[in-house]
């Protein structure tokens with residue numbers, strides 16, 4: 001078993017970095033969706049949602065950077081082209097969404113997909129003893145679960 005400089009098994013960190021790149025691609029599409037609905041939202045809830053969407057895309061942008069830096073910390077290269085992102089992403093793409101219910105639904109559906117990917121990463125990071133990735137992903141999950149709950153409450157739905 002070969003260990004890297006930070007004390008993790010190299011084969012496991014390579015797999016984690018690949019999974020993190022998959023998450024990065026999905027986060028980039030999620031981020032761009034948030035920018036789009038922030039710009040295009042219309043209607044009586046414009047002021048509230050415009051501010052909320054900005055809060056969410058600012059947070060997503062920070063998470064994109066954290067994911068990319070974690071990939072680098074593990075010794076790999078983060079994806080950085082839209083071609084790579086669109087090829088790997090599974091979150092739904094929102095195009096020309098200006099209606100409040102559709103915008104919030106896009107957020108819920110996107111976060112549901114991100115949470116699936118993060119739960120897989122959480123398990124793999126635990127198996128690899130990768131506390132850095134584990135802590136990062138665990139934090140993402142708890143924040144996103146709360147956001148899903150709030151968005152579902154806004155939609156008048158249960159989690």
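Looking at the structure I just gave you, is residue 83 assigned to a helix (DSSP H, G or I), closer than 24 Å to residue 117 by Cα and more than 15 Å from the chain's Cα centre (by Cα)?
Details: assigned to a helix (DSSP H, G or I): yes; closer than 24 Å to residue 117 by Cα: yes; more than 15 Å from the chain's Cα centre (by Cα): yes.
Yes; evaluated as a whole, the condition is true for this residue.
Yes/no matrix, rows are residues, columns are (1) outside any helix (DSSP H, G or I); (2) under 20 Å from residue 135 (Cβ atoms):
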residue: 7; (1), (2): yes, yes
residue: 34; (1), (2): no, no
residue: 54; (1), (2): no, no
residue: 57; (1), (2): no, no
residue: 79; (1), (2): yes, no
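How many residues does region 135-155 hold that are surrounded by 18 or more Cβ atoms within 10 Å (Cβ to Cβ) and over 21 Å from residue 33 (Cβ atoms)?
Residues meeting the conditions: 1.
Within region 97-107, restricting attention to residues that are assigned to a helix (DSSP H, G or I) and surrounded by fewer than 19 Cβ atoms within 10 Å (Cβ to Cβ), which residue is farthest from the chain's Cα centre (by Cα)? Write out each step before concluding.
So the first thing to find is which residues in region 97-107 are assigned to a helix (DSSP H, G or I), and the list is 100-107.
Now drop any that are not surrounded by fewer than 19 Cβ atoms within 10 Å (Cβ to Cβ), which leaves 101-102, 105.
Working: 101: 21, 102: 19, 105: 16 Å.
That would be 101.
In this structure, does residue 117 turn out to be part of a helix (DSSP H, G or I), touching a residue at least 40 places away in the same chain (Cβ under 8 Å), farther than 20 Å from residue 16 by Cα and touching a helix residue (DSSP H, G or I) at 6+ places or on another chain (Cβ under 6 Å)? Lay out the reasoning, then the answer.
Values: part of a helix (DSSP H, G or I): yes; touching a residue at least 40 places away in the same chain (Cβ under 8 Å): yes; farther than 20 Å from residue 16 by Cα: no; touching a helix residue (DSSP H, G or I) at 6+ places or on another chain (Cβ under 6 Å): yes.
In short, no.
One line per residue, one yes/no per condition, for (1) touching a strand residue (DSSP E or B) at 6+ places or on another chain (Cβ under 7 Å); (2) free of Cβ contacts under 8 Å to residues at least 60 places away in the same chain; (3) crowded, with 16+ Cβ neighbours inside 10 Å; (4) outside any helix (DSSP H, G or I):
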{"residue": "38", "(1), (2), (3), (4)": "no, yes, yes, no"}
{"residue": "48", "(1), (2), (3), (4)": "no, yes, no, no"}
{"residue": "70", "(1), (2), (3), (4)": "no, no, yes, no"}
{"residue": "87", "(1), (2), (3), (4)": "no, no, no, no"}
{"residue": "90", "(1), (2), (3), (4)": "no, no, no, yes"}
{"residue": "93", "(1), (2), (3), (4)": "no, no, no, yes"}
{"residue": "122", "(1), (2), (3), (4)": "no, yes, yes, no"}
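Can you tell me which residue among 74, 23, 16 is buried (at least 21 other Cβ atoms within 10 Å of the Cβ), within 18 Å of residue 126 (Cα to Cα), more than 17 Å from the chain's Cα centre (by Cα) and at pLDDT 95 or above? Write out each step before concluding.
On the way: 23 fails: more than 17 Å from the chain's Cα centre (by Cα); 16 fails: more than 17 Å from the chain's Cα centre (by Cα).
None of the other options fit; the residue is 74.
The values are calculated or read from the model by the stated rules, or taken from the named source; none is laboratory data. Only a predicted model underlies this, so the values are computations on that prediction, with no experimental measurement involved. Cβ atoms come from the backbone with ideal geometry, glycine included; neighbour counts cover every protein chain shown.
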